[in-house]
Protein chains: 6
Amino acid sequence: MKILIINPNSDPEMTRLIQDAADRYAKGEFKVVCKSTPGAPKFIETYEDGVKAAPGMIGLLRENEAEYDGFIIACHADVNLDVLKEISDKPVVGIGEASMKIASMLGHRFSVISENDHSIPNKEALVHKYHLRNVLASVRAPAEDDLDGEDKDKYIKVGAAAIKEDKAEVLVLGCAGMTGLDKPLQEALNVPVLDGIVCAMMIAEGLARYGLGTSKARRYNPDYP
Amino acid sequence: MKILIINPNSDPEMTRLIQDAADRYAKGEFKVVCKSTPGAPKFIETYEDGVKAAPGMIGLLRENEAEYDGFIIACHADVNLDVLKEISDKPVVGIGEASMKIASMLGHRFSVISENDHSIPNKEALVHKYHLRNVLASVRAPAEDDLDGEDKDKYIKVGAAAIKEDKAEVLVLGCAGMTGLDKPLQEALNVPVLDGIVCAMMIAEGLARYGLGTSKARRYNPDYP
Amino acid sequence: MKILIINPNSDPEMTRLIQDAADRYAKGEFKVVCKSTPGAPKFIETYEDGVKAAPGMIGLLRENEAEYDGFIIACHADVNLDVLKEISDKPVVGIGEASMKIASMLGHRFSVISENDHSIPNKEALVHKYHLRNVLASVRAPAEDDLDGEDKDKYIKVGAAAIKEDKAEVLVLGCAGMTGLDKPLQEALNVPVLDGIVCAMMIAEGLARYGLGTSKARRYNPDYP
Amino acid sequence: MKILIINPNSDPEMTRLIQDAADRYAKGEFKVVCKSTPGAPKFIETYEDGVKAAPGMIGLLRENEAEYDGFIIACHADVNLDVLKEISDKPVVGIGEASMKIASMLGHRFSVISENDHSIPNKEALVHKYHLRNVLASVRAPAEDDLDGEDKDKYIKVGAAAIKEDKAEVLVLGCAGMTGLDKPLQEALNVPVLDGIVCAMMIAEGLARYGLGTSKARRYNPDYP
Amino acid sequence: MKILIINPNSDPEMTRLIQDAADRYAKGEFKVVCKSTPGAPKFIETYEDGVKAAPGMIGLLRENEAEYDGFIIACHADVNLDVLKEISDKPVVGIGEASMKIASMLGHRFSVISENDHSIPNKEALVHKYHLRNVLASVRAPAEDDLDGEDKDKYIKVGAAAIKEDKAEVLVLGCAGMTGLDKPLQEALNVPVLDGIVCAMMIAEGLARYGLGTSKARRYNPDYP
Amino acid sequence: MKILIINPNSDPEMTRLIQDAADRYAKGEFKVVCKSTPGAPKFIETYEDGVKAAPGMIGLLRENEAEYDGFIIACHADVNLDVLKEISDKPVVGIGEASMKIASMLGHRFSVISENDHSIPNKEALVHKYHLRNVLASVRAPAEDDLDGEDKDKYIKVGAAAIKEDKAEVLVLGCAGMTGLDKPLQEALNVPVLDGIVCAMMIAEGLARYGLGTSKARRYNPDYP
């Protein structure tokens, strides 16, 4: 069993953090490798960044398709998920989709913790894409004054507001770069806090083990008659 | 890692089939045990059957809570899922919820294969409960004339109609008793076919490995202040 | 015309209050009797409480089915409503469903007044079950600091906030135990305030008079071919 | 207790039929009077017909408001319901709204039997207005070839198709002019068949008895500050 | 190309303002005329006002149908839009529908600026009618204390709150009487601000140029077989 | 006034057809130019095709932004619409979004005519993205046996079925390559048939004339603080 995590950006530090989180979950029982996307922007913040990352992501998947059993896109915006699902028969899992659908199994409604105000509508658009609006409590970002604070502290504040004011029962980390904050937040806030990297591992490893991939019935089949 | 599968009915044959499917997925890498529910009806077909199974299911979970790391309800109607989520801090996964949410990650829309016409509205009510109506292609059962046919044959016929007429891209087996038909149907129909037992294993094992259970923030916390 | 109100809990005081409210509405023009559920918990606060009340509720309905023309479940969570609809051909009405559907005929949106924060998500799940989310202004409970206050006072405060902040135009009492507060709140707040007991009486008496009960077409027919 | 039924058209024969249905339900226990609308078209078939009926309907309500306790609009399109709710503090009930909301309490989904193809989209727009689309099985009209057939026969055929093909569990008569067909259809089809006249009586009589009318909180208050 | 704007009220001052806005958009390149509705109330504030305006609006359209190529209803509540669509084959455009649908193309979600609290639910009902609820950020009116303020100032305050608190990205002027405030608000708030008059011109002129009108397939065809 | 139509593919024949349709609408009263996308695939049929077209589309817009007043993406899948909205302050209009939103103003529900079965789910995903599912009658493609037929004939057959069976009242051409078939289909089928090219012209020209572009409040602002 080998899972490839595609980090859609080209930041080696984030790739390292993702690899760490994946290893903690895999516990050496199956193999998981995280790779940065060649030619991608340093971070994925805009629609244009996603477009720029696409060729590298497609390349990474094609080069590694034979060797790996499942693929993960490690950006909570699930950039280029549809195209990667289309070009492979093996499981391709976005950390946004996986984390939010698993969140919906653990409590009444979930909130997504977002890095800043800008990504709130984009995240809402993603929630809508996956038909999850009715199980969403809110997408919340730190107040402008808090943006420069320590990550852990400012996101605990965001999570606490989501629980109290929006009645969230589960929290989802809204960015691959937040990986590792799940357990500290969970300890502080006393509700499940989900790291998309881990959630996607769960689904990708499970699907690969079960022998399943994206349906080629119609939508994701480029060669459909 | 130990997962307990609660078969809400008291049919030992079904318990055995579920155990087999679970073992095939676990491959000996983690432990999984399926138990029948004491005092439950032989099969769960009506709302009253679900009510009758409740005390035994609650009992099973309580007796085994310390020993196991996660729990699965092996009835596609997810009978008594809310109450089991409420009484435990550990993950409790319904095969209906798990299979349909995973199905939504593998293709445009999924269809549920149902045993007969009677359970179609009940299944639709479940789909609504989980806010999945927009990703449902259909719930389909064999035509009355086909009800006495061979299981594999009649469900292949149902699945083929769902793919062609309802444009389903993924199929979900709508009853724990259909376990084992996933691969034969998949081979015949060429789309992913999901057995809820396996899907719930994926989620339960993953959540337990990740150290997560049902949120006790509010809805599923019986001792909420 | 005889209506049986099933109080799903075993608190005689609540049974008495419900009987009073029912009598005020019936004005002696038809017969209505409220009975406590044998073997039920004192109050219904959790999913497990609902499960525990089920056998007694089923028993009550079966013993009285021949004698009565319609049945009401006097718990605003409509516990075990599906199973009672299933086992009887006569009308079975939940006070939650009746009150919220009638509320939707009296104004733009309604709010449900809930006893405490814990039951807000459960109530929202019920609202979703009945497809009423779009006509719901909010589910509101007293602030933590107000929980020990006089019932009438604290619920007037809740209702006033629902009207002003959530733009509710109609209020629904979210618990059978609030029976009798409808008119005092209505006087104070100047919007319709609905007691589910009365609303269910309206529907149950009307359906019985019209000769209608739950459809046995499929979902609620335990003997469906 | 006195209920006024406003027949929005000027057909005396239909007024007589509505009066009969209302009397059968009231059984002499409360007073109910049906009046034709002065100046209205003979039948209400188009949006313009509805507009033409408005002044007469407003006049009827205003002249009779002091004397009656509740008002019913006896056209299944609920023409001018919003304006009548606005101008009165007493209950005003549309037979479309009442019948479809009560239908939703009696089974999984309901179908509306419509006179002809033309009114299907209009009826769907009404269903949408009341947020009932998720509990609607279908709106169905006789096939073109059947339009000249006997009412009872052709609507039984429509109802049977709705039950079998659209999986309706409850049927609603989609026109005040179908009053009286409820019991014959119910006998033939074995599911609840609802006449909106009767359903509106249930709600109007119940609300008047309970002392409730349209909320004047905002939407239906012409004098809102 | 000649467009007729029907001002559903009888206020000549408002008719003049609407004519001005229309002329600014048309730039003399096509002809546009705004007429007050004979017999209509001075302003349209209630459902009854809408009903009273109907005969005059129908008359205006019928008298001018041969001469003009398209029609606009210049009231943001789109009063009597369905009936005017029904009686003409030419394009009939409501300023509410046009402005809100165009707003949905310019940003994530839009807010409607309403004159006062009373019209918030009515506007929400309109938003629901057009299936736009998911792209609505909010309907907002000035606080009670601000109602007597200068129009421009108080609506800038409303718009700023919609942008900041409801995360609106586009604003829609919720009343024909606000015409002319679009550019001042846009300058102050730095988001697109839409005047329904202009939006409806865009659609009406475009449809007429394209040779399209309301479909006579079924719903809006009074003579449907 | 100058509008640039970006044909996301590199087929000069299709660019010519689009230019013709645009010219017919513009009637020489404003300038419109259609350009093929350099480096794009010959046709856009898959998600990967869309990704491959992106750099050329972004380049085209950037090179022409100063000179043109509005931009149109001439592919009914609206490929890369979000990114083009993001990088420009001027109006950017997708022919999918424009045609379907205008269709919703002309009748009860619309159907989209699709080239083949493969694109049905993709089109449904687009409909969902724009929150238009409730006004969609269906997405329909020619039956497999008809795929080789004459375009006009086979799409008339599809449209007729959509009108009769799905109760569509308006038709939308689901591919830029169908441009020019609008009037022949409309003549044959007697309902409005919309060419997205023309619809997008209407919106783009109107917005440019009105001085409006994509909101830079948050979602489409790459430089958001």
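Coordinate-derived values only; no laboratory data. Computed from a predicted model, the values in this text were never measured in an experiment. Note that each Cβ is placed from the backbone with ideal geometry, even for glycine, and that neighbours are counted across all protein chains shown.
Listed values, structure above:
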item: Between helix B:151-165 and chain B: long-axis angle, C-alpha atoms, 0 to 90°, nearest 10; result: 70
item: Region B:97-196: relative contact order in percent, alpha carbon pairs under 8 Å with at least 6 residues between; result: 34
item: Cα long-axis angle, helix B:196-210 against chain B (0 to 90 degrees, to the nearest 10); result: 40
item: Along each principal axis, Cα extent of region C:12-125, largest first, Å; result: 39, 35, 29
item: Rounded to 10°, Cα long-axis angle of helix E:119-129 versus longest principal axis of chain E; result: 60
item: Size of charge dipole - the protein assembly as shown - debye, nearest 20, with Cβ of Lys, Arg +1 and Asp, Glu -1, no other charges; result: 0
item: Dipole axis of region C:55-144 (+1 Lys, Arg; -1 Asp, Glu on Cβ), positive-most option in C:88, C:138, C:127; result: C:138
item: Per-residue [θ]222 nm for chain E (sum of -39500 (n - 2.57) over DSSP H runs n ≥ 4, rounded to 500); result: -13500 deg cm²/dmol
item: Rh by Kirkwood over Cα pairs, then Stokes-Einstein D for region F:151-225 at 1.567 mPa s and 4 °C, µm²/s; result: 89
item: Residues with amide H under 5 Å from that of residue E:78, placed H, sequence gap 5 or more; result: E:95, E:96
item: Average beta carbon contacts from partner chains per residue of F:179-192, 10 Å cutoff; result: 2
item: Peptide-level mean, for D:99-107, of C-beta atoms on other protein chains within 10 Å; result: 6
item: Net charge contributed by nearby residues that have their C-beta within less than 12 Å of residue E:164 (K/R +1, D/E -1); result: -1
item: For residues of E:33-46, the mean tally of beta carbons on other chains within 10 Å; result: 1
item: Residue-by-residue Karplus 3J(HN,Hα) for region A:34-45, coefficients 6.51, -1.76, 1.60, Hz, glycine and proline x; result: 10, 10, 6, 8, x, x, 7, x, 4, 10, 9, 10
item: q = 0.05, 0.07 Å⁻¹: log10 I(q)/I(0) that the Debye formula gives for the protein assembly as shown, counting C-alpha atoms only; result: -0.35, -0.73
item: Principal axis dimensions, region E:87-225 - Cα atoms, whole angstrom, descending; result: 55, 28, 28
item: Only Lys, Arg (+1) and Asp, Glu (-1) charged, at Cβ; region E:1-158 dipole about Cα centre in debye; result: 580
item: Filter on D:101/D:157; D:2/D:183; E:157/E:183 - keep pairs with C-alpha separation over 20 Å; result: D:101/D:157; D:2/D:183
item: Top of C:177, C:196, C:70 by mean-square fluctuation, Gaussian network on chain C, Cα under 10 Å; result: C:177
item: Using θ = phi - 60° and Karplus 6.51 cos²θ - 1.76 cosθ + 1.60, couplings along region F:85-98 (whole Hz; Gly, Pro as x); result: 4, 5, 8, 10, 8, 8, x, 10, 10, x, 6, x, 4, 4
item: Cα-based Rg / Dmax (Å) for region D:73-166; result: 14.4, 46
item: Amide H within-cut-off set for residue E:72, under 5 Å, with H built and near neighbours excluded; result: E:4, E:5, E:6, E:93
item: Alpha carbon centroid spacing (whole Å) that separates region C:39-112 from region A:103-128; result: 35
